[in-house]
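Q: A single structure is presented below for examination.
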Amino acid sequence: MRKINTASKRSKNLTSETIEAIVKILDGWSGKLTWELLIDEVSKRLHQTYTRQALSSYERVKGAFQLQKGRLPYLKEGAKKLYSPEDIAESQRNARLVAENARLESENQRLLEQFTRWAYNAHTQGIPEEILNRALPKVHR
């Protein structure tokens, strides 16, 4: 088990870019997956250490983790039967793209459900479509 140094500096807050990097780490994951292993890999790649609670509080990270965790028993190291390094690399790339596609489909489904909820709530509140489709105001900086 890894020791956490409580005297160390606090890591930066998770940004959308950091979250994107973390879900990409999960997309390419192979082998055993635990929150501890993910925390270690994020620390190595992003040079920031986050807790399981911090990571799992973000729906994209939690969803990507759960999707990948569910997929891992089916990802048998098929590269063992391949002979060339190119075949192995292509197999790993394919597995990563399949995982990324599954995650994006799941995120898209959640966003469609959210949009449906918002559309229903706007309709019940009597907000006309013209107001909902209005352009955002320009930002003056």
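Each value in this text was obtained by applying a stated rule to the coordinates, not by laboratory testing. Note that the coordinates shown come from a computational prediction; the quantities given were computed from them, not determined experimentally. Here Cβ is always computed from backbone atoms with ideal geometry, including for glycine, and neighbour counts include all displayed protein chains.
Q: What nm value, rounded to one decimal, do you get for the distance between N121 and R93 when each label is placed 7 Å out toward the C-beta?
A: Calculated label separation equals 4.3 nm.
Q: Shifting gears a bit: Nearest 0.05, what FRET efficiency do K24 and Q114 give at R0 = 25 Å with Cβ-Cβ as r?
A: Details: r = 23 Å, r/R0 = 0.91.
Rounded to the nearest 0.05, the efficiency is 0.65.
Q: Mind listing the phi-derived Karplus ³J(HN,Hα) values for the range 121-131, rounded to whole Hz, using 6.51, -1.76 and 1.60 with θ = phi - 60°, and x for any glycine or proline?
A: Computed from phi, the couplings for the range 121-131 are 5, 5, 5, 5, 8, x, 7, x, 4, 4, 5 Hz.
Q: Could you line up I25, I131 from fewest to most neighbouring Cβ atoms inside 10 Å? Could the numbers behind the result be given before it?
A: Numbers: I25 18, I131 8.
Lowest count first: I131, I25.
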